[in-house]
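*Asks:* Questions regarding the structure given below will be posed in turn.
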Amino acid sequence: MEKQGYILGFWERGPGFAEGLGYLPQAMSSKAVTAGLVSAIFGCTGPALVVIASAQTAGYSFEQIVSWLFGIYFFGGVISFIMGLYYKQPIIGSFSIPGATLMGVALYGFTFNEAVFGFLIASLIIATLAATGLIGKVMRILPQPIVMGMIFGAMLRFGTGIATSVVDGPIVAGSAVLAFFIVPHFLGKKFSPVLCALIVGVIAAIATGAFAGNVEALRYVPPQLFMPHFNPAIILAVSVPLAIIAIGAENAQSYGVLKSQGYTPPVNAMNFICGGMGFVANSFGAHNLNLAGPMTAICASPEGGDDPKDRYAASLMNGVFFGGFGLVASFALAFIEMAPTQLIGVLAGLAMINVLLNSVTEAFKSGRCKMGAFFALVTAASGITVMNIGSAFWALMIGVTISVLFEREDFNALKEEKSKN
């Protein structure tokens, strides 16, 4: 049964794979490749270390950790490729970093097969809520200023990361920042500033010996399928928190980022594919799949392409790099600490400059729900964790509550505008 604009009543229609493939040669550019690469590098360094640390805390083996990494990266890349190609939007699949952090404590005492059961239940919750259309209805009534305030607050640490990275690594990070401004001035606007920063930063890191690794640790370990072991105790400890984090924090960030760049995100489809594809990834040990706020921000910004309709190519490139990282996860474990953190931090911050500017502008330019937007901003920026749920989720809850109670006229006006659109 179909409704206008939807498939099966909840899955939003898109331009389709044929149109996405046909337009791809025109959409592909150096900016798309660079944004896809930079976003993948960001997602494959620090976040991977979080997963590894959590898995080691829970007492899991090297082989289980490799399979976990394969699940989140390979199938996260598949989401980027499928959604980007079908919707022609820079929709990036990934996993929850706060969720991975939570797992280190929540999984202690559970076997890896019991953990897989908990992960599967979380994906089932997400897919079911998306199929009912409930997620889409909630997201569409959220006031845009509050969502944008949350986005700015959540992403602000990447902007400040430019400053801290330069202080911690003045030669590597400082060279990247200088290249970001100076090289495009001579080569023209069509040459990606972030690509300039990446190339110069890598050269500086090599020259200063900032790369280091243990080559002897290299060995290939294939991913494995794991049978889930039923344990009801893990549902409240793992499944429910993971589902809340994925829907209310992670996917909400990506939704807000895409809206801020002028896209119409397919919110039900985005959540459903995270739950559905998550089922497959969970079987390999992945804790969850969701959309990536920071990486979406990189690919959806002007750094991903001059024309917004071309930026989906960046998500495809991200999918290729992300999925490739998953395939060589066992080798990647030995190399992941090679890249200097200062270089990754400064590249992520430079790539998100335009998103930060757009988000803070959209949060306050209308003058409506400004107190809700402000408290969403500062809550998200605070990085607080309450009941094992990160600050982005609480930013939305606090911002909406304040606007409903004290800015009801603004809240209702924005809700009415959204319903007309």
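The values are calculated or read from the model by the stated rules, or taken from the named source; none is laboratory data. From a predicted model like this one, the values you see are computed outputs, not experimental measurements. Heads up, the Cβs are rebuilt from the backbone with ideal geometry, glycines too, and the neighbour counts pull from every protein chain shown.
*Asks:* What are the pairs, 6+ residues apart or on separate chains, where a residue within the range 125-151 that is modelled with pLDDT under 85 and of a type in the set (A, V, I, L, M, F, W, C) has its Cβ under 8 Å from a residue that is in a helix (DSSP H, G or I) and surrounded by fewer than 19 Cβ atoms within 10 Å (Cβ to Cβ)?
*Replies:* Going by the 8 Å Cβ cut-off, the qualifying pairs are Ile141/Lys415; Ile141/Lys418.
*Asks:* Look at the range 16-32 and say how many of its residues are in contact with a Leu (Cβ under 9 Å, 6 or more places away or on another chain) and among the hydroxyl-bearing types (Ser, Thr, Tyr).
*Replies:* Final tally of qualifying residues: 1.
*Asks:* Next question. Go through the range 303-315 and count every residue that is in contact (Cβ under 8 Å) with a residue 60 or more places away in the chain, assigned to a helix (DSSP H, G or I) and either surrounded by fewer than 24 Cβ atoms within 10 Å (Cβ to Cβ) or touching a Cys at 6+ places or on another chain (Cβ under 6 Å) (or both).
*Replies:* Residues that pass the stated criteria total 4.
*Asks:* Could you grab me the full set of residues in the range 356-398 that are on the phi > 0 side of the Ramachandran plot and either among the polar types (S, T, N, Q) or in a helix (DSSP H, G or I) (or both)?
*Replies:* Asn388, the sole residue that qualifies.
Residues are listed down the side, and each one gets a yes or a no for (1) surrounded by fewer than 21 Cβ atoms within 10 Å (Cβ to Cβ); (2) at pLDDT 90 or above; (3) farther than 27 Å from Asp168 by Cα; (4) within 19 Å of the chain's Cα centre (by Cα):
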site	(1), (2), (3), (4)
Phe322	no, yes, yes, yes
Phe331	yes, no, yes, no
Thr341	yes, no, no, yes
Leu347	no, no, no, yes
Ser366	yes, no, yes, no
Ala395	no, no, yes, yes
Thr401	yes, yes, yes, no
Lys415	yes, no, yes, no
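*Asks:* While we're here: Could you list all residues from the range 108-138 that are closer than 23 Å to His287 by Cβ and within 19 Å of the chain's Cα centre (by Cα)?
*Replies:* Phe119, Ala122, Ser123, Ile126, Ala127, Ala130, Ile135
*Asks:* Mind checking whether some residue in the range 363-373 is in contact with a Pro (Cβ under 9 Å, 6 or more places away or on another chain), within 20 Å of Asn251 (Cα to Cα) and among the polar types (S, T, N, Q)?
*Replies:* There is no residue in the range 363-373 that is in contact with a Pro (Cβ under 9 Å, 6 or more places away or on another chain), within 20 Å of Asn251 (Cα to Cα) and among the polar types (S, T, N, Q).
*Asks:* From the list Met270, Met277, which residue is among the aliphatic types (A, V, I, L, M), in a helix (DSSP H, G or I) and surrounded by fewer than 24 Cβ atoms within 10 Å (Cβ to Cβ)?
*Replies:* When all the criteria are applied, what remains is Met277.
*Asks:* For the range 78-193, which helices (runs of 4 or more DSSP H) that fit wholly inside it have 2 or more residues that are in contact with a Cys (Cβ under 9 Å, 6 or more places away or on another chain) and surrounded by 24 or more Cβ atoms within 10 Å (Cβ to Cβ)? Talk me through it step by step, then tell me what you get.
*Replies:* Working: elements: 97-106, 112-131, 134-141, 144-168, 172-187.
Those helices (runs of 4 or more DSSP H) span 112-131, 144-168, 172-187.
*Asks:* Let me ask something else. Run down Leu377, Leu357 and say which single residue is closer than 18 Å to Arg157 by Cβ and free of Cβ contacts under 8 Å to residues at least 12 places away in the same chain.
*Replies:* Leu357 is the lone residue from the list that is closer than 18 Å to Arg157 by Cβ and free of Cβ contacts under 8 Å to residues at least 12 places away in the same chain.
*Asks:* Among what's in the range 39-57 and is over 14 Å from Tyr73 (Cα atoms) and buried (at least 20 other Cβ atoms within 10 Å of the Cβ), pick the residue that is nearest to the chain's Cα centre (by Cα).
*Replies:* Ser54
*Asks:* Could you pull out the residue among Ala40, Ala53, Ala35 that is more than 20 Å from Phe331 (Cα to Cα), part of a helix (DSSP H, G or I), modelled with pLDDT under 95 and out of contact with any Leu (no Cβ under 8 Å at 6 or more places or on another chain)?
*Replies:* Result: Ala35 is the single residue among Ala40, Ala53, Ala35 that is more than 20 Å from Phe331 (Cα to Cα), part of a helix (DSSP H, G or I), modelled with pLDDT under 95 and out of contact with any Leu (no Cβ under 8 Å at 6 or more places or on another chain).
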